[in-house]
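The values are calculated or read from the model by the stated rules, or taken from the named source; none is laboratory data. Small disclaimer: the values here were computed from a predicted structure and weren't measured. In this analysis, Cβ positions are derived from the backbone assuming ideal geometry, glycine residues included, and neighbour counts consider all displayed protein chains. Protein only, heavy atoms only, side chains kept; ligands, DNA and RNA dropped before computing areas. Shrake-Rupley method; radii C 1.70, N 1.55, O 1.52, S 1.80 Å.
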Amino acid sequence: MIAVYDEAGSVVGAADRATVYRDGIWHASAGVLVRSGDGTRIYVHRRTDTKMVFAGLHDCLAGGVVEPGETPAQTAVRELAEELGITLTAGTTLPLLRTISWDGEWHGKPMRCHLFAYELRYDGPLRHQPEEIADGWWWTDAELAAHLADPTWPFVPDTRILVEGVLG
């Protein structure tokens with residue numbers, strides 16, 4: 001089950017993930033842009049080919065959908081630990097980087113999502129969740145921007161829009 005939102009961004013209920021994706025129901029996701037401690041590099045990864053949405057695409061947010069009763073900030077912390085093995089100490093809050101609402105399409109069906117992006121400066125070890133992340137590496141803002149300039153580069157579409165205003 002995942003939290004269901006209205007178009008304005010308010011929680012209005014919950015539904016099965018497959019139903020939300022099939023019917024293009026508004027929902028929310030939260031992710032974390034992981035930058036190196038000095039801020040010069042961003043962690044980029046490729047999603048596994050078995051993901052329900054955006055399978056095999058690249059992304060620079062470790063994240064996922066908001067569950068019922070969960071805030072986007074809680075989702076971001078949970079997903080950071082699940083996908084990259086980065087566990088934050090209790091009480092740590094991540095700065096909100098940017099939010100967007102994406103009314104897009106995936107495989108010919110509507111995909112509507114409110115995206116909450118947070119940022120973390122981090123130089124510690126990373127551990128990929130093998131079901132979610134196939135590979136990952138560090139890139140500078142310029143390297144990521146150069147890849148994003150190619151509209152055919154396989155990158156998660158809502159994150160592509162979100163990072164346009166974030167890269168230096």
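Computed values, structure above
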| quantity | calculated |
| --- | --- |
| Residue tally, condition part of a loop (DSSP other than H, G, I, E, B) and either in contact with an Asp or Glu (Cβ under 7 Å, 6 or more places away or on another chain) or on the phi < 0 side of the Ramachandran plot (or both), over segment 104-126 | 5 |
| Some residue of segment 88-101 being open to solvent by less than 60 Å² (accessible area, probe 1.4 Å), closer than 16 Å to H45 by Cβ and at pLDDT 95 or above | no |
| Condition met for P154 (within 17 Å of the chain's Cα centre (by Cα), open to solvent by 30 Å² or more (accessible area, probe 1.4 Å) and not hydroxyl-bearing (S, T, Y)) | yes |
| Yes/no for E82 being of a type outside the set (S, T, Y), more than 21 Å from V163 (Cβ to Cβ), open to solvent by 30 Å² or more (accessible area, probe 1.4 Å) and not in a loop (DSSP other than H, G, I, E, B) | yes |
| Answer from D6, D59, D16 - the residue that is modelled with pLDDT of 95 or more, open to solvent by 40 Å² or more (accessible area, probe 1.4 Å) and either touching a strand residue (DSSP E or B) at 6+ places or on another chain (Cβ under 7 Å) or within 20 Å of G165 (Cα to Cα) (or both) | D6 |
| Selection count, segment 109-151, where residues are open to solvent by 40 Å² or more (accessible area, probe 1.4 Å), of a type in the set (A, V, I, L, M) and touching a residue at least 60 places away in the same chain (Cβ under 8 Å) | 2 |
| Selection from segment 156-168 of residues that are farther than 15 Å from A62 by Cβ and modelled with pLDDT of 90 or more | P157, R160, I161 |
| Any strands (runs of 3 or more DSSP E) falling wholly within segment 1-49 and containing at least 3 residues that are closer than 20 Å to L80 by Cα and either out of contact with any Asp or Glu (no Cβ under 8 Å at 6 or more places or on another chain) or touching a residue at least 60 places away in the same chain (Cβ under 8 Å) (or both) | 27-35, 41-47 |
| Enumeration of residues in segment 16-41 that are more than 30 Å from D123 (Cβ to Cβ), among the polar types (S, T, N, Q) and in contact with a Lys or Arg (Cβ under 9 Å, 6 or more places away or on another chain) | none |
